[in-house]
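Undergrad: First, the structure itself, so that you have it in front of you.
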Amino acid sequence: MKATVLIIDDEDKLRSLLSRILSLEGFTVLEAGDAKCGLKMLEKEEISVVLSDVKLPDSNGVELTKTIKEKWPHIEVIVLTAFGTIADGVKAIKNGAFDYLTKGDDNEKIIPLLYKAVEKAQLQMRIAQLEKKYQTNIAWTIYLVHRRRYRKLKSSQLK
């Protein structure tokens, strides 16, 4: 299950530590210190999961979740915060977050949760690929059916 994870957090030490841990788990890890940099990476890279802090220098992780899910619905977002509130947690989930965790309290949950988020993201990508393939096949089938009907009609008019 090779996947790319983007960590968006302005705390360099925490971001670096989390990056090393996830790398040891086999994930490809990208890092961003703010939302703007993170969004640029999302434009360029194929990312499965975003781990985002709530308090960022240029944005709010809860609102960033909404932006990410609108542009990239297949990407899962896990929101991390040092000072979690129920209101932020509810809003994050409503905005499409996979989960909302409090830093420090939920450390043992991050890795298993990340595996579940990656699995969901990969399944969503596979579904999108199959839907696209299915739509292409349907369009091609419709074209062939209409072509056959047209030829039959043309040949019957010539007789």
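Undergrad: Return the Rg/Rh value of region 27-94, two decimal places, where both radii are evaluated on C-alpha atoms and Rh is the Kirkwood radius.
TA: Working: Rg = 11.4 Å, Rh = 12.2 Å.
Radius of gyration over Kirkwood radius for region 27-94 works out to 0.94.
Undergrad: Roughly how many Å is it from the Cα centre of region 67-90 to that of region 1-27, as a whole number?
TA: 17 Å
Undergrad: What ranking do 53-61, 88-96, 119-127 get when scored by the average of other Cβ atoms within 10 Å per residue, highest first?
TA: Values: 53-61: 19.4, 88-96: 17.4, 119-127: 14.8.
The peptides rank, most packed first, as 53-61, 88-96, 119-127.
Undergrad: Cα atoms only, region 4-125: Rg and Dmax in Å?
TA: Radius of gyration, then largest Cα-Cα span, for region 4-125: 12.7, 34 Å.
Each value in this text was obtained by applying a stated rule to the coordinates, not by laboratory testing. Worth saying up front: this structure is predicted, and the values here are computed from it rather than measured. For neighbour counting, all protein chains shown are included, and Cβ atoms are generated from backbone atoms with ideal geometry for every residue, glycine included.
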